[in-house]
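Written below as structure tokens is the structure these notes are about.
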Amino acid sequence: MLSIIQAAGWPIWPLIACSILALALVIERFLSLKTARVAPPKLLDEALAVSRTSVPAPDVVSQLEQNSALGEVLASGFRALNADPRCSESDLRATLEGSGRAVAHRLERYLAALATIASAAPLLGLLGTVIGMIEIFGAQAPGSAGAGSNPAQLAHGISVALYNTAFGLIVAIPALIFWRYFRARVDAYLLTLELASERFLRHLNGLRRA
């Protein structure tokens, strides 16, 4: 591997940095976008059961808020109702939507960076290719000792061009795949949160009128 890096020349170092950053982002997103940390399947039903007749106590609401992203959205509704038992439906909806936007922003964190790496890696590889081609033509310049007189420099230029092109694609393709995967996963979570919020809002309206 070290020999490949040496043969590819200095243009490969930005690509190596991109590959390390992309790997770190993928691992972070896999850990952060677990279902248990975003939208546990039974959490909404449990919240509805606990608040069947009245709004839960503040300690229960705090525990719900720390449970997951969905729990944070549900807890915001409970807090709004605790603060003002006569608040309007529009106020409750605005509270849930505001909390949902904050959660959505966290779910989408680092996806733009991963997409940027997927877009930039081929360009960095192309930059290395151009630099390698410059070295090739420099070795064949009329001012040199003669056309084809420097085979070592010619071979080095070819290796720089090919290695950087290949490494740029090696970095970009997985980054693009994982970005599309995480993007679809976040979209699915956002739909789940939206549907749960609508159902929970109807429940809060029942508590408000009670």
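Every number in this text was worked out from the coordinates using simple rules, so none of it is lab data. Because the structure is a prediction, the values reported are computed rather than measured. Methodologically, a virtual Cβ is constructed for each residue, glycine included, from the backbone with ideal geometry; neighbour enumeration extends over all protein chains shown.
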- [ ] Compare the Cα positions of 163, 40, 20 along the charge dipole of the chain (+1 at Cβ of Lys, Arg; -1 at Cβ of Asp, Glu; about the Cα centre) and return the one farthest towards the positive end.
- [x] 40
TODO: Counting other beta carbons within 10 Å of each Cβ, put 109, 208, 199, 29 in order, fewest first.
DONE: 199, 109, 208, 29
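Residue 13 to residue 177: FRET efficiency via 1/(1 + (r/R0)^6), r the Cβ-Cβ distance, R0 25 Å, to the nearest 0.05?
0.60
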TODO: Provide the net charge surrounding residue 58, with neighbours chosen by a C-beta distance below 13 Å and charges set as Lys +1, Arg +1, Asp -1, Glu -1.
DONE: -1
Task: Dipole magnitude of the chain, debye to nearest 20 (Cβ charges: Lys/Arg +1, Asp/Glu -1, about Cα centre) - done: 420 debye
Open item on the list: Test of understanding: in a Gaussian network model of the chain with alpha carbons linked when under 10 Å, which of 69, 188, 22 would top the mean-square fluctuation ranking?
Closed with: 188
TODO: Sum up the charges of everything whose Cβ sits under 12 Å from the Cβ of residue 34, counting Lys and Arg as +1 and Asp and Glu as -1, but leave residue 34 out.
DONE: +2
Task: Exposure proxy ranking, count of Cβ atoms within 10 Å, fewest first, for 107, 48, 31 - done: 31, 48, 107
Task: Bins of 5 Å from zero: percent of alpha-carbon pairs in the stretch 2-209 - done: 1, 7, 13, 12, 10, 8, 7, 7, 6, 6, 5, 4, 4, 3, 2, 2, 1, 0, 0
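Rank these for me by crowding, 34, 42, going from fewest to most other beta carbons within 10 Å. Don't skip to the end; give the middle numbers.
On the way: 34 12, 42 8.
Neighbour counts put them in this order, fewest first: 42, 34.
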